[in-house]
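The values are calculated or read from the model by the stated rules, or taken from the named source; none is laboratory data. All values derive from a computational prediction rather than experimental measurement. Reconstructed Cβ throughout: ideal geometry from the backbone, glycine too, with neighbour counts over all protein chains shown.
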Amino acid sequence: MIHFSLRCTNGHEFEGWFRDGATYDKQAKGGKIACPECGATKVEKAPMAPRVARSSNRGELSPAEIRKALVALRRHVEKTCDYVGPRFAEEARAIHYGEKERKPIYGESTPDEAKALLEEGIPVGRIPWVPIEDA
Ligand SMILES: [Zn+2]
């Protein structure tokens, strides 16, 4: 599956999932994709952009904006996932193999541990963990 941000001729942005890029092209050309807001079938791919406000005039994120986005990401993870600390690799493995209840977790792992998890097919992600000092 592939995900595209789409925009209709009236400027509405919406999201679409397609089996692959060719499927999208075929559906778009055939007028099979309709804007959920106005029903327009003339749509195009909107430029992929991180969902954070941009203020710099060149459309690039400033370090402060990137930091803000990472703080938001961290807060989201802290709110929705259980913190397991340095036992992350152990917990992720236990959940993956069904020894523990399936739930989102976060914690610390060494690069070696993360690599081993990925090699076992256990989905783990790494995000830059910014300090929230001005919270
Ligand atoms: Zn529209």
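Could you grab me the full set of residues in the stretch 32-50 that are within 13 Å of the ligand (Cβ to nearest atom) and not hydrophobic (A, V, I, L, M, F, W, C)?
Result: Pro36, Glu37, Gly39, Thr41, Lys42, Glu44.
Can you pull out the residues in the stretch 105-135 that are within 26 Å of Glu65 (Cβ to Cβ) and either modelled with pLDDT under 90 or more than 20 Å from the chain's Cα centre (by Cα) (or both)?
Gly125, Arg126, Ile127, Pro128, Trp129, Val130, Pro131, Ile132, Glu133, Asp134, Ala135
If only one of Arg58, Arg54 is surrounded by 10 or more Cβ atoms within 10 Å (Cβ to Cβ) and either away from the ligand (no atom under 16 Å from the Cβ) or modelled with pLDDT of 90 or more (or both), which one is it?
Within the list Arg58, Arg54, the selection yields Arg54.
Filter the stretch 73-102 down to the residues that are more than 25 Å from Ile132 (Cα to Cα) and touching a residue at least 12 places away in the same chain (Cβ under 8 Å), then identify the one that is surrounded by the most Cβ atoms within 10 Å (Cβ to Cβ).
The extreme case among them is Ala92.
Scanning the stretch 93-109 for residues that are assigned to a loop (DSSP other than H, G, I, E, B) and small (Gly, Ala, Ser), which turns out nearest to His76 (Cα to Cα)?
Ser109
Within the stretch 11-31, can you find the residues that are more than 17 Å from Pro47 (Cβ to Cβ) and within 15 Å of the ligand (Cβ to nearest atom)?
Gly31
Return the pair list, or none, for Cβ contacts closer than 7 Å from residues in the stretch 26-47 that are at positive phi to residues that are surrounded by 11 or more Cβ atoms within 10 Å (Cβ to Cβ), at least 6 apart or on different chains.
Within 7 Å, the pairs are Gly31/Thr41.
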